[in-house]
Amino acid sequence: MNTQRITTGITILFIGIVLLLSQLNSISFNWVGIFRYWPLFIVLAGIRMLVPKDQQIGQFIAIGATVIILGFLTYIGLSTPKEPLLTQLLKNKGVQIDMDDPNDKTNYTTQKLQIPLDDKIKSATLSVDLGATSLKNDSITTSSIFTAYNTSSDYLLGMTTHGESPDKININLKGKVKDKDFNSKNNNTYIALNPNILWKLNFDIGAIDAKLDLSPYKIEVLDIDAGATSLKLKLGQPLATTKISMDAGASSIEIAIPKNAACRITSDNALSSTSYEGDFLKTDGMVKSTNYDAATEKFDFDINGGIASIKIRRY
């Protein structure tokens, strides 16, 4: 029995399966999160050197140790929230990502935030200013206008509102860490919007991982200012014209739009790679779907990026 060949094969098989499931969006695996446990591979190498290679018990110990260590790394990769590499590097260097603003009068809490339903409200503007957290929405709300909560006791959310008119409300959501010894584990911020309201959305998101399914909502304007971010965005059918502006730093951005939705993309991202799924025409410094000119409902994308990977796909 060639122990080294078997343990190497198990390790390669583990990496291949995790990469495949990640590509199929079956799992969310935090590769950055497991790097901090790299000394385990030194431990594994030491075990391989110490156990007798010519005895069956030694071979079983080496194979068993490989399986146990890979099983532990699997647990860490699946249970630790994904964060961009820049966030991890800043934390490891002791750099505080969130700074307190002395002029910020927002009341922060660990409790769930909620704006009660008001039948007079027909449209709303939501501004989200978050960092050092994963941003997700996995549901809608018909009993409220808007809800938000975070899953970590070490992360605080604050919300302010004001009525722009009797039928319109402005909502501001902010987040910050509780103390310097912030533990990012189980740190996810979830938001839910009412699908019966016309929304203008502004996301100012720093070094975070964001997965936003906005397909159930009526969106008039979407403005995203992203730092070192991994962003997956799903949109529903556009309105007469749904305007989407994105200013991305070192980001990976994937945007899913309906199969037959018309869209036009203007982009100034010289250092970025951009791919489009479907029938698109490149003309006059922009890209547009073949059905754009004739469509009455369409997306207008304005994407500006630093070093970004941008993908537009159909569903």
Here are some residues: 118, 104. Which one is outside any strand (DSSP E or B), closer than 22 Å to residue 227 by Cβ and not small (Gly, Ala, Ser)? 104
Take residues that are surrounded by fewer than 19 Cβ atoms within 10 Å (Cβ to Cβ) and tell me which of the strands (runs of 3 or more DSSP E) falling wholly in region 133-179 contain 2 or more. 144-150, 155-165, 168-177
Please count how many residues of region 10-33 are at pLDDT below 80 and either in a helix (DSSP H, G or I) or loosely packed, with under 15 Cβ neighbours inside 10 Å (or both). 9
Identify, from the list 252, 267, 275, 245, the residue that is assigned to a strand (DSSP E or B), touching a residue at least 40 places away in the same chain (Cβ under 8 Å) and over 28 Å from residue 193 (Cα atoms). 267
Does region 63-70 contain at least one residue that is farther than 28 Å from residue 251 by Cα, touching a Lys or Arg at 6+ places or on another chain (Cβ under 9 Å), surrounded by 14 or more Cβ atoms within 10 Å (Cβ to Cβ) and at pLDDT 70 or above? yes
State which residue is modelled with the lowest pLDDT when the search covers only region 182-197 and only residues that are crowded, with 17+ Cβ neighbours inside 10 Å, of a type outside the set (A, V, I, L, M, F, W, C) and in contact with a strand residue (DSSP E or B) (Cβ under 6 Å, 6 or more places away or on another chain). 187
Go through region 198-216 and give me each residue that's surrounded by 20 or more Cβ atoms within 10 Å (Cβ to Cβ) and either among the hydroxyl-bearing types (Ser, Thr, Tyr) or outside any strand (DSSP E or B) (or both). 206, 207, 208
Within region 163-171, can one find any residue that is free of Cβ contacts under 8 Å to residues at least 12 places away in the same chain and more than 23 Å from residue 76 (Cβ to Cβ)? yes
Mind listing whichever residues of region 34-55 are of a type in the set (S, T, N, Q) and surrounded by 15 or more Cβ atoms within 10 Å (Cβ to Cβ)? none
Filter result (at pLDDT 95 or above and of a type in the set (D, E, K, R)) within region 138-173: 167, 168
Within region 223-237, is even one residue touching a residue at least 60 places away in the same chain (Cβ under 8 Å), among the aliphatic types (A, V, I, L, M) and assigned to a strand (DSSP E or B)? yes
Of all residues in region 278-307, which are hydroxyl-bearing (Ser, Thr, Tyr), part of a strand (DSSP E or B) and either loosely packed, with under 15 Cβ neighbours inside 10 Å or without any contact (Cβ under 8 Å) to a residue 12 or more places away in the chain (or both)? 283
Taking residue 179 as meeting all but one of (1) charged (D, E, K, R); (2) modelled with pLDDT under 95; (3) touching a strand residue (DSSP E or B) at 6+ places or on another chain (Cβ under 9 Å), write down the number of the exception. (3)
Assess whether residue 273 counts as being more than 30 Å from residue 177 (Cβ to Cβ) and buried (at least 17 other Cβ atoms within 10 Å of the Cβ). no
When you check residue 54 against the structure, is it assigned to a loop (DSSP other than H, G, I, E, B), of a type in the set (Asp, Glu), at pLDDT below 80 and under 30 Å from the mean Cα position of the chain (by Cα), yes or no? no
Name the single residue, out of those in region 255-264 being touching a residue at least 40 places away in the same chain (Cβ under 8 Å) and assigned to a strand (DSSP E or B), that is farthest from residue 193 (Cα to Cα). 263
If we ask which residues in region 38-62 are among the basic types (Lys, Arg) and over 19 Å from residue 12 (Cβ atoms), their number turns out to be 1
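The values are calculated or read from the model by the stated rules, or taken from the named source; none is laboratory data. In this text, all values refer to a predicted model and were calculated from it rather than measured experimentally. Neighbour counts run over all protein chains shown; Cβ positions are idealised from the backbone, glycine included.
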